[in-house]
Amino acid sequence: QVQLVESGGGLVQAGGSLRLSCVASGSIFSINDMGWYRQVPGKQRELVATITSGGNTNYTDSVKGRFTISRVNVKNTVYLQMNSLKPEDTAVYYCNARAWVTYYWGQGTQVTVSS
């Protein structure tokens, strides 16, 4: 089992920045990819960014050039640096970890961007 705890969400004005953190615990030796997803009410959860254990990253088009995902394996932590935030980035952001064929989720952290 893997447990994920997110932090760093909040309210920010458009153009501002936030950094989300996600700390993994439990069977961390089994974790392969980690990532961030987001969801707004009434819509499906969507991928924001992922990072492999080797550091390869992938971003959804709408955040490229603004968001940066990073990972510190010795701290079992993945980060999402969000710059130039837009109102449409408002969502609950979820941390995700893949351990072999099992996916684990954090509880989510709210990000609200005011115009």
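The values are calculated or read from the model by the stated rules, or taken from the named source; none is laboratory data. All of these numbers come straight from a predicted model, not from anything done at the bench. Accessible surface is based on the protein model in full, side chains and every heavy atom, while ligands, DNA and RNA are left aside. Shrake-Rupley method; radii C 1.70, N 1.55, O 1.52, S 1.80 Å.
Ranked from the most accessible area to the least, with a 1.4 Å probe and all protein chains present, what is the order of D89, D33?
Highest to lowest solvent-accessible surface, that is D33, D89.
For a quick check: with amide H placed at 1.01 Å from N, whose amide H comes under 5 Å from R71's, ignoring anything fewer than 5 positions away on the same chain?
Under 5 Å from the amide H of R71 lie the amide H atoms of Y79, each far enough along the sequence or on another chain.
Quick one: Cα centre-to-centre distance for region 19-39 and region 66-105, in angstrom?
7 Å
Which percent, nearest 5, of DSSP beta bridges in the chain are antiparallel?
Around 90 percent of the beta bridges assigned by DSSP in the chain are antiparallel ones.
Just tell me which aspartates and glutamates come within less than 17 Å, Cα to Cα, of K86; anything on the same chain fewer than 8 places away is out.
Within the straight-line cut-off, K86 pairs with E46, D61.
Of E46, E6, which has the most accessible area with a 1.4 Å probe, and how do the rest follow in descending order?
Largest to smallest exposure gives the sequence E46, E6.
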